[in-house]
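What follows is one structure encoded as structure tokens, with my remarks underneath.
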Amino acid sequence: QRLRAGRMIEFVVERLSNIPESKKAIIVFPTYEDYRAVLESPKDDYLPCIVSLQFRLKQGKNKMILDTTFYARSIDAFQKSHGNFMAMAMISQKIANLLEDKFNKPVLCGFLDGIIADAHIYAETTKDALAIVSAFKNKKFKI
């Protein structure tokens, strides 16, 4: 919803289309409304876990590479992190595809790199998380 309402993907595409070397092709998720909500109700608030995504283009010989860097203030390492990583990769691919159309040359996704300030597992899922770690450790996990 935030991506659509804020036209964030369109901003990144326009920014990099006009200034490919830009360091300002950034999506920031918290809004001033989020900060107000935290102050008004500190124990019942919402602040996005993924705080920002930055997109950087590198010139290759016959192609361009789109690197993505994220900052997460927090991440649910067991239940949601894989979905967060997939969503960020999909956003990167969408931007690369749109830039490819603008530049009329291949734009490949490069790295997805980031900083996670606080990775955690919630108490109610600890048993399940430990079972998966144990299965990998004992080589009993089947994909």
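The values are calculated or read from the model by the stated rules, or taken from the named source; none is laboratory data. What you see is a predicted model; the values in this text were computed from it and never measured. Because the Cβ atoms are built from the backbone with ideal geometry, glycine has one as well, and the counts that use them run over all protein chains shown. Keep in mind that these areas ignore ligands, DNA and RNA; they rest on the heavy atoms of the full protein, side chains included. Shrake-Rupley method; radii C 1.70, N 1.55, O 1.52, S 1.80 Å.
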With the dipole of the chain worked out from charges on the C-beta (+1 for Lys and Arg, -1 for Asp and Glu) around the Cα centre, which of Ile132, Met8, Tyr122 lies farthest toward the positive end? Ile132
Over the chain, the sum of -39500 (n - 2.57) across DSSP H runs of at least four, divided by residue number and rounded to 500 deg cm²/dmol, gives at 222 nm -12500 deg cm²/dmol
0 to 90° range, to nearest 10: angle between helix 81-103 axis and the chain longest Cα axis: 10
Just to check I understand the Karplus step: with θ = phi - 60° and J = 6.51 cos²θ - 1.76 cosθ + 1.60, what whole-Hz values come out for region 48-56, glycine and proline as x? x, 6, 7, 8, 8, 10, 10, 10, 10
Which lysines have a Cα less than 29 Å from the Cα of Lys140, not counting those fewer than 8 places away in the same chain? Lys80, Lys127
Please work out how much length the chain gains when fully extended from Lys137 to Ala5, using 0.36 nm per residue of separation minus the C-alpha to C-alpha distance, in nm with one decimal. 43.1 nm
Here the percent of antiparallel bridges among DSSP beta bridges lying wholly in the chain, to the nearest 5, is 55
Subtracting the Cα-Cα distance from 0.36 nm times the residue separation, let me have the gained length for Ile65 to Glu100 in nm, one decimal. 11.6 nm
Quick check: residue separation of Lys127 and Ala87 times 0.36 nm, minus the Cα distance between them. What number comes out in nm? 11.8 nm
How much net charge surrounds Glu100 when only the other residues with a Cβ under 13 Å from the Cβ of Glu100 are counted, with Lys and Arg +1 and Asp and Glu -1? +3
Considering only protein heavy atoms and a 1.4 Å probe, what is the carbon-and-sulfur percentage of the accessible area of region 1-88? 55
Run through every distinct alpha carbon pair of the chain and return the Kirkwood hydrodynamic radius in angstroms, one decimal place. 17.3
Per residue, accessible area of region 7-74 with a 1.4 Å probe, heavy atoms of protein chains only, in Å², comes to 62
Unit charges on C-beta of K, R, D, E only; dipole of region 83-143, Debye: 380
Helix 126-137 axis, angle to the chain major axis (alpha carbon atoms, nearest 10°): 80
Name the aspartates and glutamates eligible as straight-distance cross-link partners of Lys94: C-alpha to C-alpha under 15 Å, and not fewer than 8 places from it in the same chain. Glu10, Glu14, Asp67
